[in-house]
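> Have a look at this one before I ask anything.
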Amino acid sequence: MKTPVPDYLLEIRDLCSTGADGRLADYIPELAAVDPDRFAVAACTMDGVVYTAGDADAEFTIQSMSKPFAYALALRDRGIEAVLEKVAVEPSGDAFNQISLERDSGRPRNPMINIGAITTHTLVGPVGASEEERDEALATGLSSFAGRRLEVDTVVMNSELRTAFRNRAMANLVRAGGIIEDDPDEIVRGYTRQCAYRVTVRDLAVMAVTLATGGVNPVTRERVVSAAVARQVLAIMATCGMYDAAGDWMSTVGIPAKSGVSGGIFGALPGQVGLGVFSPRLDEHGHSVEGVRTFERLSRDLELHLM
Ligand code: DON
């Protein structure tokens, strides 16, 4: 017997996966090798029921969609004040890979752009954590959000590491500015690893809803972060998650969200739902073209716009 939600998601797949212009991310060589025609969408309710349509089992790397979760773990491990000392919370208005630093403090403008996420990565785990301890804190933390043990795609990780010249430059800049005290090469290695966890749209929907509930994963019932941390993360996703398209996104879609150059986008509507989409062709901001189209449609049909 068919049920209304899966039927609706199948309709969404048919309407939104009609082929997009867009281009694969090719600055990470391995990402240019994926099947561009894949499409998947998932929704997770507040009580942990997941609905999917399309290539729901397709795995892709989490990329920048790891940033809100790493930020959540840093806030949990170091506290909001200590994190704010290192990373500001203002939209940069620039692309994700720009050197967006506050003029006076030297802090990266927000934790969603690369330079802010590289800095945030240093704050995951206890003070003085080794590279291995930080990697493990991230593995455990991201897995708690997803409700299953996530694994790193080492081929994608190594592919990005070979070409991570900009990220290395930015890690060196925040090191030179005294914002971080860690070895820049070590941090870029860890950050690149953080971006290479494999997920599906189902994982994204569960991770998203764990923010939407205020920090409890409704599938495993584990409290992953506090309600205050979840609120802070959602606020920064709403203002900075879609980079230099954040205003456009907030006005048309109206859901706190984060994208990644692998072609995923997840959205978390507080108190309501977690959503994930995947389709690899990207627009000029680095957002999935069909993913944006899907979110616009979901927001309109289901009246999900926050305002
Ligand atoms: O650091 C990078 O450039 C990538 N690992 C992640 C960038 C990304 O996903 C941008 N988002 N759309």
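> Looking at the range 93-132, which of its residues are closer than 18 Å to VAL229 by Cβ, within 16 Å of the ligand (Cβ to nearest atom), without any contact (Cβ under 8 Å) to a residue 60 or more places away in the chain and of a type in the set (Gly, Ala, Ser)?
Once the filter is applied, which keeps residues that are closer than 18 Å to VAL229 by Cβ, within 16 Å of the ligand (Cβ to nearest atom), without any contact (Cβ under 8 Å) to a residue 60 or more places away in the chain and of a type in the set (Gly, Ala, Ser), the range 93-132 yields only GLY116.
Matching residues to (1) in contact (Cβ under 8 Å) with a residue 60 or more places away in the chain; (2) assigned to a helix (DSSP H, G or I); (3) over 21 Å from the mean Cα position of the chain (by Cα):
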residue	(1), (2), (3)
PRO6	no, yes, yes
ASP14	no, yes, yes
GLY19	no, no, yes
ALA43	yes, no, no
ALA82	no, yes, yes
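> Specify the residue that is nearest to the ligand (Cβ to nearest atom); the eligible residues are those in the range 53-66 that are over 21 Å from MET237 (Cβ atoms) and surrounded by 22 or more Cβ atoms within 10 Å (Cβ to Cβ).
The selected residue is GLY54.
> Residues of the range 130-174 being surrounded by 18 or more Cβ atoms within 10 Å (Cβ to Cβ) and in a loop (DSSP other than H, G, I, E, B), which ones?
GLY147, LEU150, ASP153, ALA164
> Now, a different point. With PHE39, PHE69 as the choices, which residue is over 20 Å from LEU211 (Cβ atoms) and surrounded by 24 or more Cβ atoms within 10 Å (Cβ to Cβ)?
PHE39
> Just to check your reading of the model, which residue among ALA176, ALA169 is outside the structural domain of GLY215 (by TED's automatic domain parsing), more than 20 Å from the chain's Cα centre (by Cα) and under 25 Å from ALA25 (Cα atoms)? So that I can check it myself, show each step before the final result.
Working: ALA176 fails: under 25 Å from ALA25 (Cα atoms).
When all the criteria are applied, what remains is ALA169.
> Tell me the residue from LEU75, LEU84 that is more than 16 Å from the ligand (Cβ to nearest atom), more than 19 Å from GLY263 (Cβ to Cβ) and buried (at least 20 other Cβ atoms within 10 Å of the Cβ), please.
Of the residues listed, the single one that is more than 16 Å from the ligand (Cβ to nearest atom), more than 19 Å from GLY263 (Cβ to Cβ) and buried (at least 20 other Cβ atoms within 10 Å of the Cβ) is LEU75.
Residue by residue, here is whether (1) closer than 25 Å to PRO218 by Cβ; (2) not in a helix (DSSP H, G or I) holds:
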| residue | (1), (2) |
| --- | --- |
| LEU31 | no, no |
| GLY48 | yes, yes |
| LYS67 | yes, no |
| ASP77 | yes, no |
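> Does at least one position in the range 186-195 carry a residue that is surrounded by fewer than 17 Cβ atoms within 10 Å (Cβ to Cβ), more than 14 Å from the ligand (Cβ to nearest atom) and not polar (S, T, N, Q)?
Yes, because at least one residue in the range 186-195 is surrounded by fewer than 17 Cβ atoms within 10 Å (Cβ to Cβ), more than 14 Å from the ligand (Cβ to nearest atom) and not polar (S, T, N, Q).
> Same structure, new question: From (1) crowded, with 21+ Cβ neighbours inside 10 Å; (2) outside the structural domain of GLU85 (by TED's automatic domain parsing), pick out the condition that doesn't hold for VAL219.
Going through (1) crowded, with 21+ Cβ neighbours inside 10 Å; (2) outside the structural domain of GLU85 (by TED's automatic domain parsing) one by one, VAL219 breaks only (1).
> Among the candidates ALA72, ALA42, single out the residue that is under 23 Å from ALA246 (Cα atoms) and in contact with a Lys or Arg (Cβ under 6 Å, 6 or more places away or on another chain). Explain how you work it out, then say what you get.
On the way: ALA72 fails: in contact with a Lys or Arg (Cβ under 6 Å, 6 or more places away or on another chain).
After applying the criteria, what remains is ALA42.
The values are calculated or read from the model by the stated rules, or taken from the named source; none is laboratory data. Please read all numbers here as calculations on a predicted model, not as lab measurements. Because the Cβ atoms are built from the backbone with ideal geometry, glycine has one as well, and the counts that use them run over all protein chains shown.
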